[in-house]
1. Any chance you could check the Cα centroid distance between the range B:8-39 and the range A:152-203 for me, in angstrom?
2. Please compute the average number of Cβ atoms from other chains found within 10 Å of each residue's Cβ in peptide A:200-207.
3. Just check the range A:143-184 against the gyration tensor rule for me: Cα atoms, a ≥ b ≥ c as the square roots of the eigenvalues, rounded for a/c under 1.5, and otherwise prolate or oblate depending on whether a/b exceeds b/c.
4. Rounded to the nearest 0.05, what FRET efficiency is calculated for residue B:28 and residue B:6 with R0 set to 45 Å and r the Cβ-Cβ distance?
5. Listed highest first by mean packing, meaning other Cβ atoms within 10 Å per residue, what order do A:209-217, A:35-43 come in?
6. If I build a Gaussian network model for chain A, linking alpha-carbon pairs within less than 10 angstrom, which residue out of A:90, A:130, A:82 has the largest mean-square fluctuation?
7. Compute the long axis of helix A:73-105 from its Cα atoms, compare it with the longest principal axis of the Cα atoms of chain A, and write down the angle in degrees, 0 to 90, nearest 10.
8. Can you give me the C-alpha center-to-center distance between the range A:110-146 and the range A:1-51, rounded to a whole angstrom?
């Protein structure tokens, strides 16, 4: 049962956070953008998933650099596992963003610079896995995907900066001002998402290692 | 219904998918470990 401890902890943190978001926190003052008075609550669901997605792609970048430097396949395994979970979380970031955009902007999708850049990032990392599936030879696959893992990170930086470079309806990254207790709950929700992220990555790595062990036999 | 409940339901559904995926991965690890032992 100990192996499910991280999962239970994340679930408890998420439940506690959701309870506060729905039943404790009041609407905020948002005279410039009235729908945001209620809809700011999406921050507690959207941001933690997004932070974990960026964490995944950053870990993939570091592991890709380490692979090219050392040529050890374990770094390739870490890069592909973290990028995989990052891609899953980016999908969820796009979906939670769309559900929020409908009441906030009037449409699920409006080609806002943040939406567009996040979609480009999603396609870049989808192509990372298309590339990996196209190359059967391990060393060549690791080398090619490490190069894409490094250059593809430009799409992550572009997504982060998109609201500063282009006029966007999306609130700027790191421009959020919350009450201290709201900040604490957001921190707990981010912790829950990061715990789930590391659980998924460690399981993905374990499965690949077990598969390799079976192939060797 | 408050207009942010759709956001909550969407987010909760996505978390449910993640948790089910985690449980699936745990079961897959167990199955692979068992198969390795049997071999």
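No value in this document is a laboratory result; all are computed from the given coordinates. Source: prediction; values computed, not measured. Every residue, glycine as well, gets a Cβ built from its backbone with ideal geometry; the counts of neighbours run over all protein chains shown.
1. That distance is 25 Å.
2. Values: counts 4, 0, 2, 7, 3, 0, 6, 5.
Mean inter-chain Cβ contacts per residue within 10 Å come to 3.
3. On the way: a/c = 5.96, a/b = 1.92, b/c = 3.11.
Judged from the Cα gyration tensor, the range A:143-184 comes out oblate (a/c at least 1.5, b/c at or above a/b).
4. Working: r = 33 Å, r/R0 = 0.73.
According to the calculation, E is roughly 0.85.
5. Numbers: A:209-217: 11.1, A:35-43: 20.1.
Put in order of decreasing packing, that is A:35-43, A:209-217.
6. A:130
7. 20
8. 30
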